[in-house]
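The next block holds one structure in the form of structure tokens; read it before the comments.
The values are calculated or read from the model by the stated rules, or taken from the named source; none is laboratory data. All values derive from a computational prediction rather than experimental measurement. Note that each Cβ is placed from the backbone with ideal geometry, even for glycine, and that neighbours are counted across all protein chains shown.
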Amino acid sequence: MPEITVFSDGPYLIDAEGLILKDQDGNAIPLGKGKQAALCRCGHSDSKPFCDGTHKRVGFTHSPNR
């Protein structure tokens with residue numbers, strides 16, 4: 001079963017095995033190698049929709065339980 005983990009002050013980590021990520025026009029977005037993909041939550045990543053760690057530099061904070 002696919003899983004999405006929401007990290008406090010960080011990205012959404014997605015079990016990407018068998019996942020197809022598409023843009024608003026229905027075009028597939030390559031996920032790269034590996035079985036996980038980290039999606040940006042802070043909105044500041046230079047590699048959107050993927051996380052590049054910028055959330056740490058900009059001070060993004062959010063808890064999944066809030």
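Of all residues in region 1-46, those that are surrounded by 10 or more Cβ atoms within 10 Å (Cβ to Cβ), out of contact with any helix residue (DSSP H, G or I) (no Cβ under 9 Å at 6 or more places or on another chain) and among the polar types (S, T, N, Q) total 3.
Residues checked against (1) modelled with pLDDT of 95 or more; (2) at negative phi; (3) of a type in the set (V, I, T):
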site: P2; (1), (2), (3): no, yes, no
site: D15; (1), (2), (3): no, yes, no
site: L21; (1), (2), (3): no, yes, no
site: Q24; (1), (2), (3): yes, yes, no
site: G34; (1), (2), (3): no, no, no
site: R41; (1), (2), (3): yes, yes, no
site: G59; (1), (2), (3): yes, no, no
